[in-house]
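The values are calculated or read from the model by the stated rules, or taken from the named source; none is laboratory data. Bear in mind that the values here come from a model prediction, so they are computed numbers and not experimental data. Reconstructed Cβ throughout: ideal geometry from the backbone, glycine too, with neighbour counts over all protein chains shown. The protein model used for the area step is the full one, side chains on, heavy atoms only, and it has no ligands, DNA or RNA in it. Shrake-Rupley method; radii C 1.70, N 1.55, O 1.52, S 1.80 Å.
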Amino acid sequence: MKANLEPSTLCIHGGWQPGNGGPRVLPIYQSTTFKYDNTEEMAQLFDLKKSGYFYTRLQNPTNDAVATKLAALEGGVGCVLTSSGQAANFYAVFNICEAGGHIVASSEIYGGTYNLFAVTLKKLGIECTFVSPDAAEDEINAAFKPNTRLLFGETISNPGCNVLDIEKFARIAHSHGVPLIVDNTFATPVNCRPFEWGADIVTHSTTKYLDGHATQVGGAVIDSGKFDWDAHSDLFPGLTTPDDSYHGLTYTKSFGPMAYTTKLTAQLMRDLGSIPSPQNCFLLNLGMETLHLRMKQHCANATKIATFLKNDPRVAWVHYPSIPGDEQYDKAQKYLPDGSCGVMAFGLKGDRDTAVKFMDSLKLIAIATHVADVRSCVLHPASHTHRQLSDEQLRSAGIAPDLIRLSVGIEDIKDLLDDIKQALDRI
Ligand code: PLP
């Protein structure tokens with residue numbers, strides 16, 4: 001097969017190319033272990049002197065094929081799949097930042113990631129400073145400290161739909177000698193490849209569009225292989241100085257551009273686990289085979305619905321980056337010219353009860369704590385994920401009390417619009 005396949009071809013053929021007589025579809029290697037004929041061969045695998053399979057917590061052929069596909073789609077050198085998006089963001093950070101370290105993160109990120117950074121990492125001795133992604137460069141620069149190890153943001157934030165100025169964030173991170181990590185869950189590599197704009201590491205909740213059918217929870221960490229860890233050796237000793245648990249091996253010396261990926265597998269997966277099952281990787285792979293088609297339909301449907309909502313007098317506001325007039329529109333045109341995603345946020349004129357009445361009146365679009373699968377769904381943070389907060393507390397957390405998060409699926413647009421119209425008629 002030729003090199004440099006187009007993304008839509010990679011979605012189908014990336015990672016698994018069977019030989020003559022081999023299974024056309026990626027097989028599920030549902031095995032924890034792999035057999036060897038002699039002791040020496042297995043010993044070399046343990047010493048990282050030879051590559052091969054010995055235990056599925058570290059590597060498995062089904063998982064590796066899917067990781068290879070995702071690395072190719074993002075344009076990275078290596079990918080590690082994890083058991084959830086939460087695990088992916090934790091590993092992406094913890095691979096280069098330990099107790100005593102500090103990170104800077106966009107304040108417009110998924111609530112679970114915010115909590116991980118603000119509360120749980122703190123318990124591990126890692127401090128986080130949050131910055132508004134749209135703040136001036138000076139203000140973001142001021143958040144950096146001598147012990148800062150990385151900058152973090154989301155390509156399209158959940159749930160606010162803020163579009164990250166990746167070039168600006170990469171410039172800031174690199175001026176402090178640290179990498180930029182971008183969570184590319186909502187855009188997917190079909191609509192944005194953050195490495196092309198200067199990001200160094202990309203993460204995913206594969207639970208979302210990559211799978212797209214709501215069948216598995218998973219995550220991924222992909223490395224561009226471009227960040228020069230040795231040039232900032234004092235900040236990243238875990239990669240640039242000998243690892244006692246591998247007989248004094250130094251990752252950057254032994255693995256070059258694969259240093260970050262190899263350390264993540266060899267240390268974090270070895271010691272902390274959190275791998276996806278081969279069965280789940282098979283499901284993820286099936287989903288990824290149609291990613292390029294699904295994203296087009298999600299975006300087309302969402303653009304029509306956002307435009308309809310924006311023009312309806314009962315709707316107070318709509319945030320969807322791909323419609324003209326949205327405050328994120330210019331950034332979306334730059335970073336997401338082919339479309340953003342199917343998720344939008346909007347508010348109805350009225351109060352919390354108006355939002356509840358609207359949502360309870362929907363018949364096809366379901367109330368679900370999920371986004372980014374083929375079925376449309378809605379969530380009202382004030383009634384669900386953040387129900388314990390007062391309106392004032394919600395506002396101070398950056399969530400409008402009337403915010404409805406709508407994840408537009410790939411059903412026929414007529415049926416979706418009919419459902420929204422009849423629910424609006426009942427408020
Ligand atoms: N990153 C983003 C942008 C998300 O939206 C989510 C979950 O919604 C996560 C990470 C966490 O992923 P998971 O639910 O797979 O752990």
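Among the candidates MET295, MET258, MET269, single out the residue that is in contact (Cβ under 8 Å) with a residue 60 or more places away in the chain and within 16 Å of the ligand (Cβ to nearest atom). Outline the logic, then answer.
On the way: MET258 fails: within 16 Å of the ligand (Cβ to nearest atom); MET269 fails: within 16 Å of the ligand (Cβ to nearest atom).
One residue alone meets the criteria, MET295.
Going through (1) within 15 Å of the ligand (Cβ to nearest atom); (2) in contact with a strand residue (DSSP E or B) (Cβ under 8 Å, 6 or more places away or on another chain); (3) open to solvent by less than 50 Å² (accessible area, probe 1.4 Å); (4) not in a strand (DSSP E or B) one by one, PHE90 falls short only on (2). The residues on offer are PRO27, PRO23, and the sole one that is more than 16 Å from the ligand (Cβ to nearest atom) and either open to solvent by less than 60 Å² (accessible area, probe 1.4 Å) or of a type in the set (Phe, Trp, Tyr) (or both) is PRO27.
In a helix (DSSP H, G or I) and closer than 25 Å to THR9 by Cα, is that true of VAL66? It would help to see each step written out before you state the result.
Working: in a helix (DSSP H, G or I): yes; closer than 25 Å to THR9 by Cα: yes.
Yes.
Taking helices (runs of 4 or more DSSP H) as the structural unit, those lying wholly within segment 247-301 and holding at least 1 residues that are in the same structural domain as ALA43 (by TED's automatic domain parsing) and open to solvent by 30 Å² or more (accessible area, probe 1.4 Å) correspond to 251-255, 278-288.
Considering segment 327-365 alone, what residues qualify as being touching a helix residue (DSSP H, G or I) at 6+ places or on another chain (Cβ under 8 Å), over 18 Å from HIS384 (Cβ atoms), part of a loop (DSSP other than H, G, I, E, B) and open to solvent by less than 20 Å² (accessible area, probe 1.4 Å)? The answer is LEU336, GLY339, SER340, CYS341, GLY342. Note on segment 390-420: among residues that are without any contact (Cβ under 8 Å) to a residue 24 or more places away in the chain and within 19 Å of GLY350 (Cβ to Cβ), the one that is least open to solvent (accessible area, probe 1.4 Å) is LEU394. Residues of segment 114-139 that are of a type in the set (A, V, I, L, M), open to solvent by less than 30 Å² (accessible area, probe 1.4 Å) and closer than 24 Å to HIS319 by Cα: VAL131, ALA135. Mind checking which residues of segment 192-215 are open to solvent by 10 Å² or more (accessible area, probe 1.4 Å) and closer than 23 Å to CYS281 by Cβ? ARG193, PHE195, SER205, THR207, LYS208, HIS213, ALA214, THR215, listed by residue number.
For segment 66-82, indicate whether the set of residues that are open to solvent by 10 Å² or more (accessible area, probe 1.4 Å), more than 16 Å from the ligand (Cβ to nearest atom) and of a type in the set (S, T, N, Q) is non-empty. Taking every residue of segment 66-82 in turn, at least one turns out to be open to solvent by 10 Å² or more (accessible area, probe 1.4 Å), more than 16 Å from the ligand (Cβ to nearest atom) and of a type in the set (S, T, N, Q). Within segment 73-107, being more than 23 Å from PRO257 (Cα to Cα) and touching a Cys at 6+ places or on another chain (Cβ under 9 Å) holds for HIS102, VAL104, ALA105. One residue stands out among those in segment 97-133 that are closer than 20 Å to SER205 by Cα and assigned to a loop (DSSP other than H, G, I, E, B): the one that is farthest from the ligand (Cβ to nearest atom), which is SER107. Residue pairs whose Cβ atoms lie under 6 Å apart, separated by 6 or more positions or on different chains, with the first residue in segment 212-240 and closer than 22 Å to LEU70 by Cα and the second among the charged types (D, E, K, R) and part of a loop (DSSP other than H, G, I, E, B), are GLY212/ASP373; HIS213/ASP373; ALA214/ASP373; SER224/ASP200; PHE227/ASP200. Residues that are open to solvent by less than 20 Å² (accessible area, probe 1.4 Å), closer than 26 Å to GLU289 by Cβ, among the hydrophobic types (A, V, I, L, M, F, W, C) and in contact (Cβ under 8 Å) with a residue 40 or more places away in the chain within segment 167-191 comprise PHE186, ALA187, listed in sequence order.
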